[in-house]
Amino acid sequence: SSDVCSSDLMNSNNTFNIILADDHILLRDALANLINSFDEFRVVAVAGNGEEVKQALGSGPRPAIILMDLSMPVLDGFETARWLQIHHPDIRVLILTMYDSEITLIRLLRLGVNGFLKKDIHPAELRSALIAVAAGEYYYSNRTTGKIASLLRNSDEKRSPLENATLNDVEIQFLRLACSDLTYKEIAHEMKMTPRNIDSYRDALFDKLDVKSRVGLAIYAIKSGIVNF
């Protein structure tokens, strides 16, 4: 549910509980202090890897959000996100990363991650990202796509088949392939088109769906039910 005021997500002070996972202790402690300075959020546990995230979930207060580094020992962000998607799909996941390649972000989207943050963001953006994810929105920041994309604000709202019908079969096929690990050149080969044709389809979909990147296309496709992972 996207009801962010539900009691299982919030503690008695009407703040959102957060588990923070990062194997760099100095950065993690600084982040925890920063997050605890925000009125809306409280760090209830810290972890150094995905296994410690599992332990924290088993022993402490239930979090609304898990904020974790992508690169961690023992169990990294990808593996932890996959485990959370299976065992705790209602907990929102926000990833800290130095890598903002579109393929990395799409891979994370397929694992149910709600947002991505570069580690060099401003504290105000961290708070904005946490608020967006707590509200059931997607949040991502990187240098190629701008600060924020919040699509389909109600996280449970699927686009109707009628709305999807405004996309033709070729556009839907392209959207599905755009959510894969294929490059645009490989998508062109798969669809038996020239790379220039694929660029034209991509740019037309950017305009039609009001998105600015391949990540935006992937978010649209996932949220509208065109692709199911």
Quiz prompt | Search result, residues across region 170-215 that are assigned to a helix (DSSP H, G or I) and among the basic types (Lys, Arg) | solution = Arg176, Lys185, Arg196, Arg202, Lys208, Arg214
Quiz item: Of all residues in region 86-138, which are assigned to a loop (DSSP other than H, G, I, E, B) and among the acidic types (Asp, Glu)?
Solution: Asp90, Asp100, Asp120, Glu137
Self-check item: Qualifying residues in region 23-61 (those that are farther than 20 Å from Ser128 by Cα and under 19 Å from the mean Cα position of the chain (by Cα)) - the one most open to solvent (accessible area, probe 1.4 Å)
Solution: Asn49
Quiz prompt | Positions within region 178-219 being within 21 Å of Ser101 (Cβ to Cβ), among the hydroxyl-bearing types (Ser, Thr, Tyr) and open to solvent by 10 Å² or more (accessible area, probe 1.4 Å), in sequence order | solution = Ser180, Thr183, Tyr184
Quiz item: So which residues in region 62-104 are among the basic types (Lys, Arg) and open to solvent by less than 30 Å² (accessible area, probe 1.4 Å)?
Solution: Arg92
Practice problem: State whether the residues of region 216-228 include one that is modelled with pLDDT under 85, in a helix (DSSP H, G or I), aromatic (Phe, Trp, Tyr) and in contact with a helix residue (DSSP H, G or I) (Cβ under 8 Å, 6 or more places away or on another chain). | Solution: yes
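Criterion first (farther than 18 Å from Tyr140 by Cβ, open to solvent by less than 50 Å² (accessible area, probe 1.4 Å), among the β-branched types (Val, Ile, Thr) and out of contact with any Phe, Trp or Tyr (no Cβ under 6 Å at 6 or more places or on another chain)) does Ile222 satisfy it? Working first, answer last.
Details: farther than 18 Å from Tyr140 by Cβ: no; open to solvent by less than 50 Å² (accessible area, probe 1.4 Å): yes; among the β-branched types (Val, Ile, Thr): yes; out of contact with any Phe, Trp or Tyr (no Cβ under 6 Å at 6 or more places or on another chain): yes.
So Ile222 fails the test.
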Quiz item: Does Ser141 satisfy being modelled with pLDDT under 85, at negative phi, open to solvent by less than 20 Å² (accessible area, probe 1.4 Å) and not aromatic (Phe, Trp, Tyr)?
Solution: yes
Quiz prompt | Subset of region 57-85 (residues that are assigned to a loop (DSSP other than H, G, I, E, B), touching a Leu at 6+ places or on another chain (Cβ under 8 Å) and of a type in the set (Gly, Ala, Ser)) | solution = Ala64
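The values are calculated or read from the model by the stated rules, or taken from the named source; none is laboratory data. Keep in mind that what you see is a predicted model, and the values were worked out from it rather than measured. Cβ atoms come from the backbone with ideal geometry, glycine included; neighbour counts cover every protein chain shown. For accessibility, only protein heavy atoms count, side chains too; no ligands or nucleic acids. Shrake-Rupley method; radii C 1.70, N 1.55, O 1.52, S 1.80 Å.
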